[in-house]
Amino acid sequence: MKSGILIAFEGIDGTGKSTQLPLLANFLRDQGYTVVETCEPTSGPYGRRIRELYRNRKQVSPDQELELFLRDRRQHVTECIQPALERGAIVLTDRYYFSTAAYQGAAGWDPEQIFARHDFAPEPDLVLLLTLTPEESLSRIRDMRGESPNDFEQKEQLEKVADLFASFPQSCIVRIPAALSVTQVQAAIRNVVQQLLVRKELSCSG
């Protein structure tokens with residue numbers, strides 16, 4: 001491969017992104033690929049500010065909230081994603097701008113406007129959209145994590161977010177049912193990713 005590959009894990013909270021991403025990373029490394037694992041919000045200054053909103057989302061306006069996500073993502077692209085792609089790595093990110101379009105879209109923004117404001121962000125080669133009902137999501141958050149849902153994880157909010165994720169038409173999106181076992185979900189993910197790798201390698205050799 002002459003250049004890197006960007007794969008984003010997306011979905012509502014509780015779908016298993018943070019479980020599935022490292023499993024895929026290890027699988028790809030075993031095949032000899034260089035893999036960079038990353039996530040959003042980042043651990044940078046804007047990402048830390050976003051994480052503070054988990055406890056009290058009302059401390060900023062919807063405009064301010066979106067701006068925080070945009071600034072965090074610009075820094076993420078500049079400092080992590082773009083350099084890794086230029087090195088030829090496979091970048092796996094837990095959330096990307098599709099999450100912003102869904103979550104901030106559910107808060108009142110037009111998702112198309114949000115997509116339009118991400119002309120600085122590399123388009124992913126693949127979006128693995130893990131699908132789960134809001135009821136299953138909240139059950140996992142409470143029972144498996146032992147946590148109370150934060151301000152981004154309220155049922156009405158997750159219903160709107162899930163509907164928006166379901167409406168996105170981009171061809172890079174592949175929907176993976178997340179209610180299956182961890183092993184079954186990972187097998188489905190690997191199958192899709194291996195198809196992508198074959199296409200990429202064929203296009204490079206051709």
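The values are calculated or read from the model by the stated rules, or taken from the named source; none is laboratory data. Model, not experiment: these values are computed from the prediction. Cβ placement follows ideal geometry from the backbone for every residue including glycine, while neighbour counts extend to all protein chains displayed.
List of remarks:
- Members of the range 20-57 found to be of a type in the set (D, E, K, R), in contact (Cβ under 8 Å) with a residue 24 or more places away in the chain and more than 20 Å from residue 9 (Cβ to Cβ), listed by number: 55, 57
- Members of the range 28-59 that are in a helix (DSSP H, G or I) and under 19 Å from the mean Cα position of the chain (by Cα): 28, 46, 47, 48, 49, 50, 51
Rundown of residues vs (1) surrounded by 15 or more Cβ atoms within 10 Å (Cβ to Cβ); (2) under 30 Å from residue 194 (Cα atoms), yes/no style:
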site	(1), (2)
15	yes, yes
22	no, yes
25	yes, yes
38	yes, yes
47	yes, no
79	no, yes
87	no, yes
93	yes, yes
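- Residues that are in a helix (DSSP H, G or I) and either among the polar types (S, T, N, Q) or modelled with pLDDT of 95 or more (or both) were ranked within the range 103-123; the one that is nearest to residue 91 (Cα to Cα) is 115.
- Meets criteria (without any contact (Cβ under 8 Å) to a residue 60 or more places away in the chain, at negative phi and not β-branched (Val, Ile, Thr)) for residue 69: yes
- Qualifying residue in the range 3-12 (condition: assigned to a helix (DSSP H, G or I) and either in contact (Cβ under 8 Å) with a residue 24 or more places away in the chain or buried (at least 18 other Cβ atoms within 10 Å of the Cβ) (or both)): no
- Test result for residue 113, more than 12 Å from residue 164 (Cα to Cα) and out of contact with any His (no Cβ under 8 Å at 6 or more places or on another chain): yes
- Yes/no for residue 89 being under 13 Å from the mean Cα position of the chain (by Cα), at pLDDT 95 or above and within 30 Å of residue 181 (Cβ to Cβ): no
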